[in-house]
Amino acid sequence: MQRRHHLIALAGLVASPLMAAARPAASPDFAALERSVQGRLGLFALDTGTSRTLAHRSDERFSMASTFKSLLAARVAQGVEGGRWRWGDEIGLHRSDRVAHAPTFDRLLPRGRASLDELVRGILVDSDNACANLLLRHCCDSPQGLTMWLREQGDDITRLDRWEPELNENQRGDPRDTSTPRAFAKTLQHLLLGDGLSRSSQARLWADLQTSQTGLKRLRAGVPDATWRVIDKTGTGYRGAVNDVAVVFPPDGRSPWVVVALQSESRAADDELAAVLAGAMRELVRAWG
């Protein structure tokens, strides 16, 4: 009888961790993250390998801020593919074109011109606002021209209405210069992973997004280690618009994830809002990783 009790106890010690491992991961608590900064967090994540999704406020509108520059870069790339322009085509630079946050523009201004390739790198790597306005004017005619192109890509939600830096205003209830996490993610998937662009164009944009350092404290900060690759485009506007949109490549050759995380209406500091995005990624990895 004593031996039997010992066997039962041993079986319990072996079974317990197995049972624990078999329990499904807790559902991500994105609501707790947004409460921590008393703001609004919108998130849509898509695993392109399994088609599973996670969503929170995914169909609510949020200001895009500079995340739109990833879409603008894709517009330029698609135009190159169609022969409308070439990467080496140059645009004249004038001091009157300068707006706030223009590190690439300032570096190129003494030369008086810049190629489309240089301007696209400027908006993706440095999030340069003056370069974005130049590309909007040259390749879209206006912000509304980018919206029209997005409609051609099948996106009926995302819209750009104003130039930099006015598009960062983020007034509550204003639909201008907004998207929803779901719509943005579907368009990002189409352009950076699907058939919206050629593989060579996608590789070019991936490289520039990877080079950018603006998102080191945002979604990138939420992955476990360097075996995870994250390419992203950040955006920062007024009234808590601290955003990040990304393609995430898990280790071991698994299919990429598309993750769009947009925020609004918090009065917390930017670093605190960046930490919310990192926390959202950690929750996602815990659920899917």
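Region 148-213 and region 45-61 have Cα centres spaced 16 Å apart.
Using the Cβ-Cβ distance between R107 and W87 with R0 = 25 Å, the FRET efficiency computed as 1/(1 + (r/R0)^6) comes to roughly 0.85. Take M148: with every protein chain present and a 1.4 Å probe, its accessible area is about 130 Å². With the convex hull of the Cα atoms taken as the outline of region 158-238, the averaged projected area works out to 6.7 nm². In order along region 39-52, the phi-based Karplus estimate (6.51 cos²θ - 1.76 cosθ + 1.60, θ = phi - 60°) of 3J(HN,Hα) comes to x, 10, 10, x, 9, 9, 10, 10, 8, 6, x, 10, 6, 6 Hz; Gly and Pro are listed as x. Taking all protein chains together and a 1.4 Å probe, the residues S142, S264 rank S142, S264 from largest to smallest accessible area.
What the pair-distance distribution of the chain shows, using all Cα-Cα distances binned every 5 Å from zero, is 1, 6, 12, 16, 18, 15, 11, 7, 4, 3, 2, 2, 1, 1, 1, 1, 0, 0, 0 percent.
Which aspartates and glutamates have a Cα lying under 18 Å from the Cα of K186, excluding residues fewer than 8 positions away in the same chain? By straight Cα distance, K186 reaches D47, D59, E60, E152, D155, D156, D177, D195, D232, D244.
Taking region 52-144, how much of its Cα-Cα pair set, in percent, is spaced more than 15 angstrom apart? The share of Cα pairs beyond 15 Å in region 52-144 comes to 60 percent. Multiplying the residue separation of T211 and A26 by 0.36 nm and removing their Cα-Cα distance gives an extension gain of 63.2 nm. In percent, rounded to a whole number, the relative contact order of the chain is 25, using alpha-carbon pairs under 8 Å and six or more apart. Label-to-label distance for R199 and R229 is 1.3 nm, based on points extended 7 Å past Cα in the beta-carbon direction. For region 132-289, the C-alpha radius of gyration divided by 2.2 N^0.38 Å, with N the number of residues, is 1.05.
Extension gain for Q144-Q38 works out to 34.9 nm (0.36 nm per residue, less the C-alpha to C-alpha distance). As I understand it, the value is the acute angle between the Cα axis of helix 2-22 and the longest principal axis of the Cα atoms of the chain; what does it come to in degrees, rounded to 10? That helix lies at roughly 10 degrees to the long axis.
The values are calculated or read from the model by the stated rules, or taken from the named source; none is laboratory data. Keep in mind it's a predicted model, so treat the numbers as computed, not measured. Backbone-built Cβ (ideal geometry, glycine too); neighbour counts: all protein chains shown. The area values use the complete protein model at the heavy-atom level, side chains included, leaving out ligands, DNA and RNA. Shrake-Rupley method; radii C 1.70, N 1.55, O 1.52, S 1.80 Å.
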